[in-house]
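These notes concern the structure reproduced below.
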Amino acid sequence: MQSSNKRNNKLHLLKICPVCGYDKLEEVPYDEYGYPSHEICSCCGYEFGYTDSHDKKGFGEYLVDWINNGFEFKWKKDMPPVWNAEIMREQLKNISKVNYKPRIPKK
């Protein structure tokens, strides 16, 4: 039964940004082993596998910076027709659905 659950978890990893809750990513940010996709979130600009390892910014720290800097939608071509604080706050609720974690290398 346990191996069946692990297999099912692989199938249900969600394409949601763990920073801003954007739910239209092309790939799962981190696979079931925690390896990053290196996709850049169209909304907040977080690059999975770079921002966390190179820039040393975790999800929470990056989110606070992004909001404090005006929560600009990074790629305008993917931006919804209306983008404001109310819609951003609603999008942030998607973070609670995230079901994966990054693999953090030990130093």
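Only one of the numbered conditions (1) part of a loop (DSSP other than H, G, I, E, B); (2) closer than 13 Å to residue 17 by Cβ; (3) not aromatic (Phe, Trp, Tyr) is violated by residue 56, and that is (2). Number of residues in the stretch 31-66 that are β-branched (Val, Ile, Thr) and without any contact (Cβ under 8 Å) to a residue 24 or more places away in the chain: the value is 2. Scanning the stretch 1-48 for residues that are at pLDDT 90 or above and either at positive phi or basic (Lys, Arg) (or both) gives 15, 21, 24, 38, 45. For the stretch 66-75, filtering for residues that are out of contact with any Cys (no Cβ under 6 Å at 6 or more places or on another chain), in a helix (DSSP H, G or I) and either hydrophobic (A, V, I, L, M, F, W, C) or at pLDDT below 95 (or both) leaves 1.
The values are calculated or read from the model by the stated rules, or taken from the named source; none is laboratory data. Quick caveat, the model's predicted, so the values are computed rather than measured. FYI the Cβ positions are ideal-geometry reconstructions off the backbone, even for glycines, and counts take in every protein chain you see.
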